[in-house]
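The values are calculated or read from the model by the stated rules, or taken from the named source; none is laboratory data. Remember, it's a predicted structure, so these values are computed and weren't measured experimentally. So basically every Cβ, Gly included, is an ideal-geometry build from the backbone, and we count neighbours across all protein chains shown. Note: areas computed on protein heavy atoms with side chains; ligands, DNA, RNA excluded. Shrake-Rupley method; radii C 1.70, N 1.55, O 1.52, S 1.80 Å.
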Amino acid sequence: QACLASLAQPLASADMAPMAWGFDINNAVDFPGVLPHVPEWQAEAENLLSQESYDDAVRETEKHLEAAKASSDGLGEALALLMLARVRATQNVYEKAKGPATEALEKFRSLGNARGVASALLMLAKMAVDTRERKEAEGLCEDAIQKFQASSCKAGEAAVHHLLARMHIRDNEVEESLGEADKAQTLFEKAGDKEGQAAVLLVKGNIYVWNYRDAQDEALKCGKEAVSILRKLNRPSCRHREADALFLVAASAYQLQRFKDGLKAAKESVELFKDYGGPRTQASAMRAVTMGLLQSGSLDSASEMAAECVEMLRTSCNDQTLLAEAMAVDSLVSRQRFVKGIAEEEDAMVQKARETFDLFASLDDEHATALHRLELAQALQLSGDIPAALAEAKTTLEFFKGQAFKEAQAMCMMTIAQCQHDLGEVASALAMASKAQDLFDDPMMINQAVELVDFLKKQSGQSSGPKWVSTTSWGNYDVPKEVPQPSRPDEPGIKRSLYSDLIKTRIHTGDTPEGICFEWQGIMYMDQFLGTNIPFLRDAPPPPGGIPGVPAGAPAPAAARPPPAAAPAPRPKSKSPGPSLERSRPPPEKPSGPVIIKPAVVGNDILGGRYRDCPDDVHDRMVTLARAGCIPTTSLPQRSVLERKKPTFHGHPEWRDAARWGYIHPTISAPRSCKWQRASVGWKLIGPAPGELLMASEGAAVSGFGLESPSSEPLRTAGKDVGSGAFVGRLTVETLLRGARPDWTAAEVSAARRRLEATHIKFGHALVKALTGDGPDADINARLEKAGQQTFDPETLQALRAYAASQANAEPWLGPAAANFAALPQQIPRPIGYAH
């Protein structure tokens, strides 16, 4: 368990890698000397922005923007527009940030201010980097460098190279990022900008700590040097960068196993962010503190810090990504507390892991979702739910195999090996752990894999499961040479091999919290506590002292006729009363009629018929869709193969049966107007529902979804042409339901249609006939009750009748509310399109 719990450490460390949780100090504040002029009010706006008080920063900026417009101060107006764009970009509202930034660019151009133009281009480039528009970002950076060079602004050039370094590291281009960082550092030194030099050190330190295995010392050095520089400066933004540098120091120290130093730096970072930052930056640093407390063994303090961090994010900011990461750390703390023996954490551990996984899944981050699915598997394994843990770990392994992520595959394999060992499959666990050992590159993880493999080797042998005693305690034990005689076919009672299997199973079963007992009474009555019919076990048990096979209270049967002299003597009865071990062998029943062999394939249609196990209503719907060209035409052998490899399906519920029986599959063409998209687990079908496709198909000959009468002749009206407002054959059950109850959701309409199908109302004309006809078949609710379905309320039936009459008679439909004031159901005239 300790080995398994330690597997989560690399995951938790990797989760700490991103540092901009919707807030980036590099977007909020410009380096000194970059802007052509810094108005006095801008310092206050930047302070509000650093504290994540976005609304206050917007109001402060807009106030000075209006003042600049009123006084015809072109430069002040351009600077205010640029500051407004900076606030929106820091808030990640880029659609509202590009407008002010573009206006500022045009304003600076009209003023002929080259440095101002370069500053606006730099702001637009920052937004392009954040929105992953790389080509646009590179073009803007090139233009900005030219403008800064034209205005002899070294700090501006350095700021552009600093941005390019951050852009490259986001795309995992480590060497290019380091090259741009070196250029920025040289230019900042020439400009004499100490804050810029510290910012470059932060970029380099993050590159070293998250992208190299053996550069943590360099990262720690960069972080400490940046802290030393920033503490000599007085700008509020320097305090913010100092907290970032302390966070870098903590992350580097943790990876160097210097947990005491890392915890100290993380606590200092939290204190600085309380004074100069906002809830996002505080929560990010609090996660680092939690990790330090966890590693130092202060589990209670770690639990309190994690809970405080999660509560802050839920109440003070709307950042679901950071909330998910904080919940992941909280889950890790619960898991460690459970490993340390705090039993009450078991339910909380699994619940927190599941909530974290669900939140990441809702964010559509497949990689993070898979990582936290693995953490869920580890929590389930620790709680004793081994089958569920094994299923989750195998699902995660399949995902990472598709991503070619070896480290994550190895971690999945180690978790699977743990589960297999718990199930007694030591040989399989050893093979899986050995594969994981070959995939690891991290020395720490290699050591853990070696430890697990060595442990499994000690447990493995000819039999699986733990060895409870040493083989030396058996002494000179001679294996018996006598081979027992096999059981005879007519031997009464349970076979001796069954007892052997029970004993072998018990020997190979590990310790369990409850007692395990294998005895014949339990076997003889296994069907009663399993709820399964097992007729070969025994006859009905007789009452105490009674005669087997005779119910209680019945008279004793007459004595049997004595057998002939030549016949063998009957078997003596058991002296002890009670159930007998002799197996009951009732005589085989003779068939009462001719043997009927049912065909394996039913029907011969456009899809080649169906297998008997496929529901006929599902196949009828698929035939309808295939005839309309809505789904590809498949053959029986093809569907048999697709059914065996059906994926985990996501999409409209009405497509689920089609995927279940192999009519649609990601390996063949998607239904019309639909497309397949890989999900975190399985495939998702994106597109309209089957009924919508059929409704959009004008000439479809529909049978399964209720869009046309099966008759080849269209229904004619009395005195009206077809299409003049009377019903036509393509009117569907779903159309009638939607028209009568437009307030229903798609799910409610679909459920109502399926209920009607259970009463054999599959076509529009059948529903109209039931609504307007006479006799028992016209009582829809009675038919629904007979089929075991939920009935319609009176308002719905009234609306259906009124809507059907209005459509058949080409009258305007005033909606379900008007149906309440219509005539009584028996007084609504029969639609003339269906007059008999």
Item to complete: Might you check whether a residue that is of a type outside the set (D, E, K, R), within 23 Å of I145 (Cα to Cα), surrounded by fewer than 17 Cβ atoms within 10 Å (Cβ to Cβ) and modelled with pLDDT of 80 or more occurs anywhere in the stretch 49-71?
Response: no
Discussion item. Among the residues that make up the stretch 109-120, is at least one of them open to solvent by 10 Å² or more (accessible area, probe 1.4 Å), among the hydroxyl-bearing types (S, T, Y) and under 46 Å from the mean Cα position of the chain (by Cα)?
Written reply: no
Item to complete: Output the number of residues of the stretch 649-686 satisfying the condition of being closer than 20 Å to L636 by Cβ and touching an Asp or Glu at 6+ places or on another chain (Cβ under 7 Å).
Response: 2
Worksheet item: If only one of S669, S673, S640 is more than 18 Å from E692 (Cβ to Cβ) and in a loop (DSSP other than H, G, I, E, B), which one is it?
Response: S669
Worksheet item: Is it the case that V200 is buried (at least 23 other Cβ atoms within 10 Å of the Cβ), at pLDDT 90 or above, over 38 Å from the mean Cα position of the chain (by Cα) and assigned to a helix (DSSP H, G or I)?
Response: no
Worksheet entry | First in the stretch 166-186 and of a type in the set (A, V, I, L, M), second anywhere and modelled with pLDDT under 85, Cβ under 7 Å, 6 or more apart | V174/N211
Discussion item. Can you tell me which residue is surrounded by the most Cβ atoms within 10 Å (Cβ to Cβ) among those in the stretch 226-246 that are over 42 Å from the mean Cα position of the chain (by Cα) and not polar (S, T, N, Q)?
Written reply: L230
Discussion item. Given the criteria in a helix (DSSP H, G or I) and open to solvent by 10 Å² or more (accessible area, probe 1.4 Å), does R287 qualify?
Written reply: no
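Residue-by-condition table, conditions (1) at pLDDT below 85; (2) within 23 Å of R678 (Cβ to Cβ); (3) more than 19 Å from the chain's Cα centre (by Cα):
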site	(1), (2), (3)
A306	no, no, yes
V310	no, no, yes
S316	yes, no, yes
V333	no, no, yes
Q336	no, no, yes
E346	yes, no, yes
K401	yes, yes, no
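Quick check on my filter: what residues within the stretch 747-760 are aliphatic (A, V, I, L, M) and open to solvent by less than 10 Å² (accessible area, probe 1.4 Å)?
Of everything in the stretch 747-760, those that are aliphatic (A, V, I, L, M) and open to solvent by less than 10 Å² (accessible area, probe 1.4 Å) turn out to be V749, A752, L756.
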Item to complete: Answer yes or no as to whether A184 is small (G, A, S) and in contact with a Phe, Trp or Tyr (Cβ under 9 Å, 6 or more places away or on another chain).
Response: no
Item to complete: State all residues of the stretch 740-749 that are modelled with pLDDT under 80 and either part of a helix (DSSP H, G or I) or touching a strand residue (DSSP E or B) at 6+ places or on another chain (Cβ under 6 Å) (or both); if no residue qualifies, say none.
Response: A746, A747
Worksheet item: Quick check: is even one residue across the stretch 761-769 surrounded by fewer than 20 Cβ atoms within 10 Å (Cβ to Cβ), basic (K, R) and modelled with pLDDT of 85 or more?
Response: no
Worksheet item: Would you pick out the residues in the stretch 756-799 that are touching a Gly at 6+ places or on another chain (Cβ under 9 Å) and part of a helix (DSSP H, G or I)?
Response: L756, E757, A758, G764, H765, A766, L767, V768, A799
Worksheet item: For residues in the stretch 168-184 being buried (at least 21 other Cβ atoms within 10 Å of the Cβ) and at pLDDT 90 or above, which is nearest to A120 (Cα to Cα)?
Response: A184
Worksheet item: If you go through the stretch 676-697, how many residues are of a type in the set (S, T, N, Q), in contact with a Phe, Trp or Tyr (Cβ under 9 Å, 6 or more places away or on another chain) and part of a loop (DSSP other than H, G, I, E, B)?
Response: 1
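Here's the yes/no breakdown for (1) out of contact with any helix residue (DSSP H, G or I) (no Cβ under 6 Å at 6 or more places or on another chain); (2) under 20 Å from W744 (Cα atoms); (3) not aliphatic (A, V, I, L, M):
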| site | (1), (2), (3) |
| --- | --- |
| H760 | yes, no, yes |
| G764 | no, yes, yes |
| L767 | no, yes, no |
| A778 | no, no, no |
| N781 | yes, yes, yes |
| A787 | no, no, no |
| T791 | no, yes, yes |
| P794 | yes, yes, yes |
Discussion item. For the stretch 409-437, which positions are within 27 Å of the chain's Cα centre (by Cα) and among the acidic types (D, E)?
Written reply: D422
Item to complete: Kindly indicate whether any position in the stretch 25-41 is free of Cβ contacts under 8 Å to residues at least 40 places away in the same chain and either in a helix (DSSP H, G or I) or of a type in the set (G, A, S) (or both).
Response: yes
Worksheet item: If you check P100 against the conditions, is it of a type outside the set (S, T, N, Q), assigned to a loop (DSSP other than H, G, I, E, B) and either crowded, with 19+ Cβ neighbours inside 10 Å or in contact (Cβ under 8 Å) with a residue 24 or more places away in the chain (or both)?
Response: no
Worksheet item: Has the stretch 75-84 got any residue that is of a type in the set (D, E, K, R) and either open to solvent by less than 60 Å² (accessible area, probe 1.4 Å) or not in a helix (DSSP H, G or I) (or both)?
Response: yes
